[in-house]
Amino acid sequence: MMELETKRLLLRTLDLDLIDAAARRDPKAFEDLGYHSNGEWPGPDFYEALPFFRELLIKNHGTRGFDSWIIVDKATRDIVGGIGFLGEPDPEGRIEIGFATNPSHQRQGYCHEAAQKLLDWASRQRDVKSIIARCEPGNAASQHVLLKLGFQKSREDSEFIHWIYPN
């Protein structure tokens, strides 16, 4: 497990125990692992991606950080959301970041704080040459976070706005 820390947050990579607890949406299992969840995590998109992240962990014999992380409030141990990458850098050194905050924790700066810390970490990794993101055109909250982080729009299609981080 890897861990990063900000003023208010812990970012921790998922392990198989946490993935299994999330797949069962089991609050008791979260508590046994030292976290609290109000039932909002994992959200639908992340829940669907759990098999992908499980497979990555098994294939890579653990994590190198280019997979999924949880965002935890240090004071309460609440899981406030998730963040991470969609796998190792590709042959061009490109990785894609994604993030989501639980509805009850939105508009409190958690996503920006967590993403800034993870971008700082990723920018220092030898194999990373560029960081990209994408969001749906109607997702004003994600667009706001990406702009605040310094991402620039690279293109738009019918499904997504594509972004690049100028590192």
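Summary table
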| item | result |
| --- | --- |
| Candidates R12, R126, R77: whichever shows maximal mean-square fluctuation once the chain is modelled as a Gaussian network with Cα springs under 10 Å | R126 |
| Two-site label geometry, D45 and E159: point separation in nm, points 7 Å out along Cα→Cβ | 1.3 |
| On Cα atoms only, tilt of 140-149 relative to the major axis of the chain in degrees | 70 |
| Three-way shape call for segment 104-167 based on the alpha-carbon gyration tensor, with the a/c threshold at 1.5 | oblate |
| Orientation-averaged projected area, Cα convex hull of segment 10-55 (nm²) | 3.1 |
| Net charge of Cβ neighbours under 13 Å - reference G109; Lys, Arg +1; Asp, Glu -1 | +3 |
| For segment 1-131, with +1 on Lys and Arg beta carbons and -1 on Asp and Glu, the positive-most of L10, S37, S104 along the dipole | L10 |
| Relative frequency of Cα-Cα separations exceeding 22 Å in segment 53-167, percent | 34 |
| Quarter of the Cα convex hull surface for segment 51-99, i.e. its orientation-mean projected area (nm²) | 4.0 |
| Nearest-0.05 FRET efficiency for L147 and N60, computed from C-beta distance (R0 35 Å) | 0.65 |
| Distance histogram for segment 97-138 (every C-alpha pair counted, 5 angstrom bins, percent rounded to whole numbers) | 5, 18, 25, 24, 16, 8, 4, 0 |
| Rounded to the nearest 20 debye, dipole of the chain from Cβ charges on Lys, Arg, Asp, Glu | 540 |
| Close Lys-Lys pairs in segment 3-160, where close means Cα under 16 Å and separation is 8 or more or interchain | 4 |
| Pair D20, K129: separation of 7 Å Cα→Cβ label points (nm) | 4.0 |
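Computed from the coordinates by the stated procedures, all read-outs in this text should not be read as laboratory data. Note that the coordinates shown come from a computational prediction; the quantities given were computed from them, not determined experimentally. Glycine gets a Cβ as well: all are built from the backbone with ideal geometry, and neighbour counts include every protein chain shown.
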